[in-house]
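The values are calculated or read from the model by the stated rules, or taken from the named source; none is laboratory data. Quantities reported herein were computed from a predicted structural model and do not represent experimental measurements. Positions of Cβ are backbone-derived with ideal geometry, glycine not excepted, and every protein chain shown enters the neighbour counts.
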Amino acid sequence: MTRFAGKTVIVTGAGSGIGQATARRFASEGANVLAADQDADGLAETLSGLDASRVITLVVDVANQDEVEAMVKAAVDRFGRLDVIHNNAGVGCDGAIEDMKLEDYRKVLAVNVDGVLFGCKAAYPELKKTKGCIVNTASISGLGGDSEMLGYNISKGAVANLTRAIARDSGKHGIRVNAVAPTLVHTGMTAEMEDNRPLMDEFAKLIPLGRGAQPEEIAAVVAFLASDDASFVHGHVLSVDGGLFASTGQPDFSLFD
């Protein structure tokens with residue numbers, strides 16, 4: 001399948017997890033890819049085995065607007081155009097309102113919200129030229145509240161509504177904007193939780209499909225939303241959660257109290 005042959009895609013947070021799987025998925029479907037992350041070693045792993053003439057890496061702090069603008073320029077300078085940006089980079093933030101550290105909250109907003117906004121804003125002029133699209137990584141934690149994750153909930157709720165708001169204005173330019181909202185995905189970000197096997201088994205019972213997702217499963221949905229197969233999907237935040245949100249009406253992390 002070569003749905004993205006001749007197209008250029010930027011993926012942030014591409015050094016691990018969902019971003020790494022997504023960068024590799026786009027490359028497998030023929031795209032030119034700029035994979036961005038703060039982790040140079042992770043980017044080297046992402047690049048391993050791929051065609052270096054079509055996949056390049058760049059160390060980027062998405063919370064820095066100048067670096068994000070330079071990232072977009074680098075992709076266009078190398079490949080001549082930009083068709084898709086997947087704003088995926090994100091960090092966690094634990095704590096309820098009484099004990100959440102302000103510095104952690106500021107960091108999660110800078111990466112998870114500012115980073116997405118900067119990516120959308122920097123890519124927008126190029127996407128107007130190609131009638132391209134934006135796919136953001138939100139979370140079911142942004143569609144409902146869960147315990148002890150206030151800062152993360154706030155940030156992902158912002159990403160969901162940022163996606164909808166940009167979509168209201170971008171359609172007239174032919175730019176589609178959507179987001180994925182995963183539940184538990186087995187990545188390095190969840191490694192500490194996964195060391196607690198009984199806890200993870202209990203969490204899996206909350207998900208109708210009985211398990212968390214693999215990064216490649218989220219990558220497949222991102223690729224769909226970015227493809228012409230989703231040409232009339234716009235302004236949508238798509239839950240990719242094994243039925244968790246649909247069955248409960250909101251995410252439920254009460255096990256983590």
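Return yes or no: is residue 40 surrounded by 18 or more Cβ atoms within 10 Å (Cβ to Cβ), modelled with pLDDT of 95 or more and either under 26 Å from residue 182 (Cα atoms) or of a type in the set (Phe, Trp, Tyr) (or both)? Spelling it out, it is not the case that residue 40 is surrounded by 18 or more Cβ atoms within 10 Å (Cβ to Cβ), modelled with pLDDT of 95 or more and either under 26 Å from residue 182 (Cα atoms) or of a type in the set (Phe, Trp, Tyr) (or both). Note on region 79-101: residues that are assigned to a loop (DSSP other than H, G, I, E, B) and under 25 Å from residue 224 (Cα atoms) total 8. The residues of region 185-198 that are modelled with pLDDT under 70 and part of a loop (DSSP other than H, G, I, E, B), listed by number, are 195, 196. Of everything listed in (1) surrounded by fewer than 23 Cβ atoms within 10 Å (Cβ to Cβ); (2) modelled with pLDDT under 95; (3) in a helix (DSSP H, G or I); (4) not aliphatic (A, V, I, L, M), the single unmet condition for residue 152 is (1).
The C-beta contact set for region 130-145 (first residue under 15 Å from residue 159 (Cβ atoms), second residue among the aromatic types (Phe, Trp, Tyr) and buried (at least 19 other Cβ atoms within 10 Å of the Cβ), distance under 7 angstrom, 6+ apart or interchain) comprises 140/245; 141/152; 143/245. The sole residue among 89, 75 that is within 13 Å of residue 123 (Cα to Cα) and small (Gly, Ala, Ser) is 75. If the condition is being touching a helix residue (DSSP H, G or I) at 6+ places or on another chain (Cβ under 6 Å) and either of a type in the set (Phe, Trp, Tyr) or crowded, with 20+ Cβ neighbours inside 10 Å (or both), then region 127-142 contributes 133, 134, 135, 136, 138, 139, 140, 141, 142. For region 91-117, the tally of residues that are in contact with a strand residue (DSSP E or B) (Cβ under 9 Å, 6 or more places away or on another chain) and exposed (fewer than 14 other Cβ atoms within 10 Å of the Cβ) stands at 2. Taking the condition of being part of a helix (DSSP H, G or I) and without any contact (Cβ under 8 Å) to a residue 40 or more places away in the chain, how many residues in region 199-246 meet it? So the answer is 7. One residue stands out in region 63-90 among those that are among the acidic types (Asp, Glu) and surrounded by fewer than 15 Cβ atoms within 10 Å (Cβ to Cβ): the one that is nearest to residue 142 (Cα to Cα), namely 66. Quick one: is residue 120 surrounded by 20 or more Cβ atoms within 10 Å (Cβ to Cβ), over 13 Å from the mean Cα position of the chain (by Cα) and either closer than 25 Å to residue 228 by Cα or without any contact (Cβ under 8 Å) to a residue 40 or more places away in the chain (or both)? So residue 120 fails the test.
Exactly one residue out of 135, 111, 76, 159 is outside any helix (DSSP H, G or I) and either of a type in the set (Val, Ile, Thr) or over 15 Å from the mean Cα position of the chain (by Cα) (or both), and it is 135. Apart from one condition, residue 46 fits all of (1) touching a residue at least 40 places away in the same chain (Cβ under 8 Å); (2) polar (S, T, N, Q); (3) touching a strand residue (DSSP E or B) at 6+ places or on another chain (Cβ under 6 Å); (4) not in a strand (DSSP E or B); the exception is (1). Could you tell me which residue of region 210-240 is surrounded by the most Cβ atoms within 10 Å (Cβ to Cβ), considering only residues that are modelled with pLDDT under 90 and out of contact with any Asp or Glu (no Cβ under 9 Å at 6 or more places or on another chain)? Selected residue: 211. Where residues in region 1-37 are of a type in the set (S, T, N, Q) and in a loop (DSSP other than H, G, I, E, B), which of them is surrounded by the fewest Cβ atoms within 10 Å (Cβ to Cβ)? So the residue we want is 2. Of the set (1) of a type outside the set (Asp, Glu); (2) within 20 Å of residue 177 (Cα to Cα); (3) part of a loop (DSSP other than H, G, I, E, B), all apply to residue 52 but (2).
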